[in-house]
Protein chains: 6
Amino acid sequence: MEKIAQFLFEAGMLSKTPRTGYRFLGTGRQSVAEHLFGTALIGYVLCRLEPTADINKVLTMCLLHDFAEARTGDQNYVYKKYVAVDERRALEDLTVGLPFGNEIKELLAEFNEQKTREALLVHDADQLELLVQLKEEQDLGNTHAKEWLRNAIKRLRTELGKSLASMVVTTNFTDWWFKGEEEEWWVNGK
Amino acid sequence: MEKIAQFLFEAGMLSKTPRTGYRFLGTGRQSVAEHLFGTALIGYVLCRLEPTADINKVLTMCLLHDFAEARTGDQNYVYKKYVAVDERRALEDLTVGLPFGNEIKELLAEFNEQKTREALLVHDADQLELLVQLKEEQDLGNTHAKEWLRNAIKRLRTELGKSLASMVVTTNFTDWWFKGEEEEWWVNGK
Amino acid sequence: MEKIAQFLFEAGMLSKTPRTGYRFLGTGRQSVAEHLFGTALIGYVLCRLEPTADINKVLTMCLLHDFAEARTGDQNYVYKKYVAVDERRALEDLTVGLPFGNEIKELLAEFNEQKTREALLVHDADQLELLVQLKEEQDLGNTHAKEWLRNAIKRLRTELGKSLASMVVTTNFTDWWFKGEEEEWWVNGK
Amino acid sequence: MEKIAQFLFEAGMLSKTPRTGYRFLGTGRQSVAEHLFGTALIGYVLCRLEPTADINKVLTMCLLHDFAEARTGDQNYVYKKYVAVDERRALEDLTVGLPFGNEIKELLAEFNEQKTREALLVHDADQLELLVQLKEEQDLGNTHAKEWLRNAIKRLRTELGKSLASMVVTTNFTDWWFKGEEEEWWVNGK
Amino acid sequence: MEKIAQFLFEAGMLSKTPRTGYRFLGTGRQSVAEHLFGTALIGYVLCRLEPTADINKVLTMCLLHDFAEARTGDQNYVYKKYVAVDERRALEDLTVGLPFGNEIKELLAEFNEQKTREALLVHDADQLELLVQLKEEQDLGNTHAKEWLRNAIKRLRTELGKSLASMVVTTNFTDWWFKGEEEEWWVNGK
Amino acid sequence: MEKIAQFLFEAGMLSKTPRTGYRFLGTGRQSVAEHLFGTALIGYVLCRLEPTADINKVLTMCLLHDFAEARTGDQNYVYKKYVAVDERRALEDLTVGLPFGNEIKELLAEFNEQKTREALLVHDADQLELLVQLKEEQDLGNTHAKEWLRNAIKRLRTELGKSLASMVVTTNFTDWWFKGEEEEWWVNGK
């Protein structure tokens, strides 16, 4: 159990680990933990739209796909030119002694191979989570976000992911609470 | 699909929604999204230790158990004395038009009833996530965290949760990366 | 005196309590304490423009009108759809044992009834404080602020408040220090 | 009205102006606006304990006593050794054209002269607000706060202020919400 | 050595001291330490473009030119109207007992006299550092940054500084990592 | 000149790049730019205590020694186990087209070889800067800082660095402004 407790504290590091792309975008901020939550939620959505996918696998993969960043930090597309991450070794160290350590390594190997349907869906969930944030930054006035959005869309690998993305980029980030409500509410609160 | 895109932007609000207990503790900070990630991760761990639990249900419940806070904010134990949240109405509004809206409502109803094994495990995952943060604040010197820890432990409902908690409170938050490493590494990086 | 000391620490919580609307606007931030300061200052201004108002009552009402949020948090127009605050109970608990507790309850009852001139002025001071912040966010490029401004203006209840509001929305947030100064100063500091 | 609108935007600067002492204390943070709110609230309390004081004057003085810091920044006890602030000129510039400009200047002159009862009470309200923050930092573990508290207490000028201070330093910053509540609540929320 | 250790802790205060102009610009943030780093780096660049300058003197002057702000805070162009800083006294106090204290005082006297080539280059390095930040804020959408840029350019005193400034204002803040890279990289990371 | 302007914007990234060790320590924060300022300042001090060192070289090396982190991020002792940084390639890309690009590469090659006296002094300046921050965190109550301090001291390579370090760890981080001042000042400001 001691190793499991350590694993939970390691997860806590992901709340203190910033996604490093935002410092290049110039606005916005996000922790890796927040990104993993968003990715898992999108993974859930994709599995509901495509019921043949193994949701158990997709959710676990989404939650864990960047877990090694507790030990490596987050690498954006600029850093990746110069930084090589030995994710395998990080995974070895973080799973050693964990009763479910092998499962974690197998899941992430499957994710990295990008061959199964589940791995492809998690890949797109990861990118869709970024798209949602970029669209919000664009709506808030960041003029560079548009080009980032264009590139992120090209990374998508499933038709399902692409069709969801096309909806994300045409939805205002405030629609979920603002659209459809009578103006009366915003004036009088009733 | 438009309603689904809105659902994803709604999830984004959880990264901007602070867990409000920390302002009463006096140290620490966390977003609801970070809490949901941590809860889901612990849900995964509990299911690995208790394989008869329905992991699919546990993970989804963990990810969604505070989702309505995008529309209601987070209520801590002080606020709860004075604030009544109509979670049902929030869930109605957030699920209307969603193809998987009914599932979300059913899952959260099951969670709130606290009768199934999965609901109990998610309850304890939620508390364990808090325990991990409180232990870190205690290790960093917050003298009030000890009493918070004591109370949070009493909320646990499963033996599995209790035994994991007893390990969390005796583990230093730095053990996962510090313990076991030769001093040589911290001096010379090799 | 002990209860009074507790009352002062309770006031300290308002500096840690964020106004929750800004997370929906997407930019800006403010604590409830900062909002109460701004409201009280505007209350002072309104009383100077309308000398028949009871300034003592207006200032005290302004300072206290959101005091219960130390125990309830701040509810924005989205949260209000789902969250019911028992402000009366919060006020009972925060005033119990305070020598001036009854006065606080009476003042806030008067404010909530919105019948006296003072209550109406405090209402408008509250909204004007928001208008000032929204205008600044608009000047800084938030494209949604305009609609928020339009709605906030409609909430105003006094002619005095409306005429001051019309001035706020046509003033740039930097005019107070920038306008009227010779360019020479900004170049040479003399 | 245009000058009045500018005055309101100037007040907004106080939310962006940090109290500079905290960077020397090493922990804590506060804006000048938050300090002015706290001071005014304490001013209200002092007037309720000493009903012969002119509460109208005390509240206005409290709200305005650091207003010029929008143009000068906040000077702590280290900065004051080296920095001379021409508060008079700042007040001239901020009040020019304001219908109530002369009143503001007269109130702050009275405050600076420290001769009237009201001026002394505002002085002590200013220090008591600091004491409340320092006590909280002390409770949270800052070992230097004790000496700061000791010095701040010596600055108090009224018996009323001193007796309230002696209560503040013996009250835990969490008593207002924690003390007196049954443990049951913190465990079960009922 | 004790006094030298104190000098190092004093330098640490510069990381906690914000450049105060940004609160008037409305966006951006920077510590004095960050500004001094940027100024020294630009000083290095200017010396490479003008090899006859005494680089040792330029670098030291750049690093130290705002050092006294640890004791005085940072004064922007608004504050300067009302605040007089006795930099000489601050320098006396910070250098007393330092073996290299006289050198520091002489260097800063030379800088303030603005007669030597090195002093002029440091002056322009100081302004160029500001220009770089303002251009970034302009690129990110701050509509007031343009006028700030125009004024800052007028402060430049050397032809070298002016020609570098004209390049800064026509360069996008993202060019260094974005321009010239194939789109392929941003899509596929290879 | 265009490439030089880009170089200045690249330096700006260092203010947005956090030193990643602090998230493992649990308290404190610092940008790489702030670290480079502190290192350069300490480099200056070391050169004044050891006048035979080439100060020009030491200052430039200090300012540039982590410059590549604009493209690679900052790697702490945990990350270093798993992350390999191709600093050479980062330096190639950041210096291409710069008139003083070769000098930068040569300086950092000398630093990395750790053979010259200047390279050793810069190494110790880098560690001393960390020691100063760790001592402050220790004084503020972080109980883990002591062990970090002990390890950092072991990394020092020069007698000069070691003797300065022994002074840093016995000096309170507030001594520079607090020690030696009469209590009267802190009470009355005169």
Open item on the list: What's the total number of residues in the range E:75-90 that are within 14 Å of chain F (Cβ to nearest Cβ) and hydrophobic (A, V, I, L, M, F, W, C)?
Closed with: 1
- [ ] Scan the range C:145-190 residue by residue and report those that are of a type in the set (Gly, Ala, Ser) and either crowded, with 18+ Cβ neighbours inside 10 Å or part of a helix (DSSP H, G or I) (or both).
- [x] C:Ala145, C:Ala152, C:Gly161, C:Ser163, C:Ala165, C:Ser166
TODO: Considering (1) open to solvent by 60 Å² or more (accessible area, probe 1.4 Å); (2) outside any helix (DSSP H, G or I); (3) polar (S, T, N, Q); (4) under 24 Å from F:Phe7 (Cβ atoms), say which one E:Asn142 fails and leave the rest.
DONE: (1)
Open item on the list: Here is a list: E:Ala109, E:Ala68, E:Ala125. Which entry is of a type in the set (Gly, Ala, Ser) and away from chain F (no Cβ under 13 Å)?
Closed with: E:Ala109
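Looking at A:Phe100, is it in contact with a helix residue (DSSP H, G or I) (Cβ under 6 Å, 6 or more places away or on another chain) and over 30 Å from C:Leu156 (Cα atoms)?
Values: in contact with a helix residue (DSSP H, G or I) (Cβ under 6 Å, 6 or more places away or on another chain): yes; over 30 Å from C:Leu156 (Cα atoms): yes.
Yes.
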- [ ] Please enumerate the residues belonging to the range A:32-48 that are more than 10 Å from the chain's Cα centre (by Cα) and at the interface with chain B (Cβ under 7 Å from one of its Cβ atoms).
- [x] A:Tyr44, A:Val45, A:Arg48
Open item on the list: Within the range F:16-26, does at least one residue satisfy the condition of being under 17 Å from A:Gly73 (Cβ atoms), hydrophobic (A, V, I, L, M, F, W, C), more than 7 Å from chain E (Cβ to nearest Cβ) and crowded, with 22+ Cβ neighbours inside 10 Å?
Closed with: no
Open item on the list: Could you check the range D:134-182 and list, in sequence order, the residues that are on the phi > 0 side of the Ramachandran plot and within 14 Å of chain C (Cβ to nearest Cβ)?
Closed with: D:Gly180
- [ ] State all residues of the range F:146-158 that are within 18 Å of the chain's Cα centre (by Cα) and either within 22 Å of F:Leu49 (Cα to Cα) or of a type in the set (Lys, Arg) (or both); if no residue qualifies, say none.
- [x] F:Arg150, F:Ala152, F:Ile153, F:Lys154, F:Arg155, F:Leu156, F:Arg157, F:Thr158
Task: Every residue from the range E:115-145 that is over 30 Å from C:Asn172 (Cβ atoms), polar (S, T, N, Q) and touching a residue at least 60 places away in the same chain (Cβ under 8 Å) - done: none
Task: Extreme residue, nearest to the other protein chains (Cβ to nearest Cβ), among residues of the range D:1-15 that are open to solvent by 20 Å² or more (accessible area, probe 1.4 Å) and not polar (S, T, N, Q) - done: D:Met1
Open item on the list: Name the residue that is surrounded by the fewest Cβ atoms within 10 Å (Cβ to Cβ), counting only residues in the range B:27-50 that are in contact (Cβ under 8 Å) with a residue 24 or more places away in the chain and among the small types (Gly, Ala, Ser).
Closed with: B:Gly28
Open item on the list: If I filter the range F:135-143 for residues that are out of contact with any Ser or Thr (no Cβ under 8 Å at 6 or more places or on another chain) and modelled with pLDDT under 95, do I get at least one hit?
Closed with: yes
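The values are calculated or read from the model by the stated rules, or taken from the named source; none is laboratory data. In this text, all values refer to a predicted model and were calculated from it rather than measured experimentally. A quick note on method: Cβ atoms are made from the backbone with ideal geometry, for glycine too, and the neighbour counts reach across all protein chains shown. Side chains are part of the model used for accessible areas, which takes the heavy atoms of the whole protein and leaves out ligands, DNA and RNA. Shrake-Rupley method; radii C 1.70, N 1.55, O 1.52, S 1.80 Å.
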